[in-house]
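S.K.: Below: one structure in structure tokens.
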Amino acid sequence: MTVTAAAPSPSWPEDALRLNAVCPYYTMFPLDFPLQQLVAHPQATRVLDPFCGRGTTLYAARLAGLPAVGIDINPVAAAIAQAKLIQVTPDAVVRLARQILESGPLGEVPESEFWQWCYEPETLQELVTLREALLEMTTPTAAMLRAVLLGILHGPRNKNLPSYLSNQMPRTYASKPAYAVKFWKKRDMQPVRIPALDVIERRARRLLDAAPLARGGRVYLGDSLETLNGLRQRFDLVVTSPPYYGMRTYVADQWLRLWFLGGPAEVPYGTHGQIARQPNQEAFIQALAEVWAATARRCSQGARLAIRFGALPSARTDPEQMLLASVKEAKAGWVVKDIRQAGTPPKRARQAAQFGKAGSAVDEIDMVAELIGLPH
Ligand SMILES: C[S@@+](CC[C@H](N)C(=O)[O-])C[C@H]1O[C@@H](n2cnc3c(N)ncnc32)[C@H](O)[C@@H]1O
């Protein structure tokens, strides 16, 4: 059943796509994947992603003029995804940031060696103040400012105008404190003063100046199965990508962003409700099957379910067989229409490329199913 061709996706002006890149997420899929599904299913009216990550599917739906609902159990993912559905001006975001900073320092500055090396003291105080103020705020402008800050929290130092607030760091994931401190000390790389407001302003203008009209929808922070069972809407297109089998580091790798959202000032190890916490392949397949069944209960007849899935090489398993088994086990009326290799987007943009640390040759597939039978 495996084929390799894929439909071309529509092209959009580059500046309309910028908001989608507000903050990288460790295992994001390229925008092309949900856009292609929207093109292949033009009668879609409402889109769902039960493992939404940074909200790529939600942004594709916005571009296509449709409302969308996303669910994710990782607070970092949910905060980034939320921004994909919001319509605010860059001025409003900058005004809020300025207001917070001008009202004086808030919060407790973390003190370990990591923090002293990661941020210059004045920059760190600004960051702590913004964090503290935003913890209490729920407006769309606050949600956008939060996502902008998640995106500039850490990243490489550049020679010209700074784009990130931290000392040298990867932007996709946060280095572990001991490793980072050793890295900076060895190179005698002291953190430099970076005024938070300047970076926020530059970033907000870049992201929002040409953002397309928001089309509504919502992001839920929570377990997909539980959340789906509480939803009332119906969907006719689902585009999603569950955690790849063997991938367990979603939370620890995002620890600095998690701190910004109210988490501890250190790496939180543990599984945090991640579906990948299952002890073995059979349990993982069963957990996925339950999500596909709950998804079917929220979909109308004829709905499409498009899934990108893969497995880390270390998991030594066949993702195609696993995914087919999970859809079959759901016994929910999903009929598989197509399975193909997810190899057509440029390699750099592929989800597999995000797994640099774990090995590059991740086997990825795209599956499309249609809801034909009545779900039980
Ligand atoms: C492969 S990523 C999705 C990436 C997304 N397609 C994007 O472009 O950003 C899988 C997501 O599933 C989430 N997840 C894992 N277990 C979950 C659960 N039980 N309920 C909801 N989301 C879960 C993870 O936090 C992760 O963000």
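The values are calculated or read from the model by the stated rules, or taken from the named source; none is laboratory data. Keep in mind that this is a model prediction, so the values were computed, not measured. For neighbour counting, all protein chains shown are included, and Cβ atoms are generated from backbone atoms with ideal geometry for every residue, glycine included. Note: areas computed on protein heavy atoms with side chains; ligands, DNA, RNA excluded. Shrake-Rupley method; radii C 1.70, N 1.55, O 1.52, S 1.80 Å.
S.K.: So what's the net charge close to Y220: Lys and Arg +1, Asp and Glu -1, counting the other residues with Cβ under 13 Å from its Cβ? Each step should come with its number before you reach the end.
M.R.: Working: positive: R218, R232, R298; negative: D49, D72, D223, E226.
In short, -1.
S.K.: May I ask you to list the residues of segment 47-83 whose amide nitrogen lies under 20 Å from a point 7 Å from Cα along the Cα→beta-carbon direction of R297?
M.R.: So the set is 47-52, 69-73.
S.K.: Full-extension gain between R18 and M137, please, as 0.36 nm times their residue separation minus the C-alpha to C-alpha distance. Please list the in-between numbers first.
M.R.: Working: separation 119, 0.36 × 119 = 42.84 nm, distance 2.46 nm.
Length gained between R18 and M137: 40.4 nm.
S.K.: Restricting to the chain, compute how many DSSP beta bridges are antiparallel as a %, nearest 5.
M.R.: 45
S.K.: Could I ask something else about it? Please work out how much length the chain gains when fully extended from L106 to E122, using 0.36 nm per residue of separation minus the C-alpha to C-alpha distance, in nm with one decimal.
M.R.: Working: separation 16, 0.36 × 16 = 5.76 nm, distance 1.25 nm.
Once the chain is fully extended between L106 and E122, it gains 4.5 nm.
S.K.: So what is the accessible area of the chain per residue, in Å², with the probe set to 1.4 Å? Don't jump to the answer; show the numbers that get you there.
M.R.: Working: 16020 Å² over 376 residues.
Result: 43 Å² of accessible area for each residue.
S.K.: Same structure again: Considering only protein heavy atoms, what is the solvent-accessible area of M189 at a probe of 1.4 Å, reported in Å² to the nearest 10?
M.R.: 40
S.K.: Quick one: if the Förster radius is 22 Å, what FRET efficiency do E226 and N280 give, using the C-beta to C-beta distance and rounding to 0.05? Don't jump to the answer; show the numbers that get you there.
M.R.: Values: r = 22 Å, r/R0 = 1.02.
Efficiency for this residue pair is about 0.50.
S.K.: Same structure again: With every protein chain left in place and a probe of 1.4 Å, what is the accessible surface of Y164, to the nearest 10 Å²?
M.R.: Estimated to the nearest 10 Å², Y164 gives 30 Å².
S.K.: Within the chain, what whole-number % of the accessible surface is contributed by carbon and sulfur, with the 1.4 Å probe and all protein chains included in the calculation?
M.R.: Details: 8290 of 16020 Å².
Carbon plus sulfur share of accessible area: 52 percent.
S.K.: Describe numerically, in nm with one decimal, the distance between label points set 7 Å from Cα along Cα→Cβ at R95 and at T317.
M.R.: The answer from the label model is 5.1 nm.
S.K.: As a test of the formula, what do you get for the chain when each DSSP H run with n ≥ 4 contributes -39,500 (n - 2.57) and the sum is divided by the residue count, at 222 nm and rounded to the nearest 500 deg cm²/dmol? Please list the in-between numbers first.
M.R.: Values: 13 runs with 138 residues, N = 376.
It lands at -11000 deg cm²/dmol.
S.K.: Tell me the accessible surface of R234 in square angstrom (1.4 angstrom probe, heavy atoms of protein chains only), to the nearest ten.
M.R.: Solvent-accessible area, nearest 10 Å²: 130 Å².
S.K.: In segment 104-145, what GluC sites (Glu not before Pro) fall in a loop by DSSP, with at most 16 other Cβ atoms inside 10 Å? Mind showing how you got there, number by number?
M.R.: Details: sites: E108, E111, E113, E122, E126, E132, E136; in loops: E108, E111, E136.
For GluC sites (Glu not before Pro) across segment 104-145 that sit outside H, G, I, E and B with at most 16 neighbouring Cβ atoms in 10 Å, the list reads E108, E111, E136.
S.K.: Here is a further query. May I ask you to rank I152, I372 by accessible area, largest first, using a 1.4 Å probe over the protein chains only? Show your work: numbers first, answer last.
M.R.: Values: I152 0, I372 85 Å².
These residues rank, largest area first, as I372, I152.
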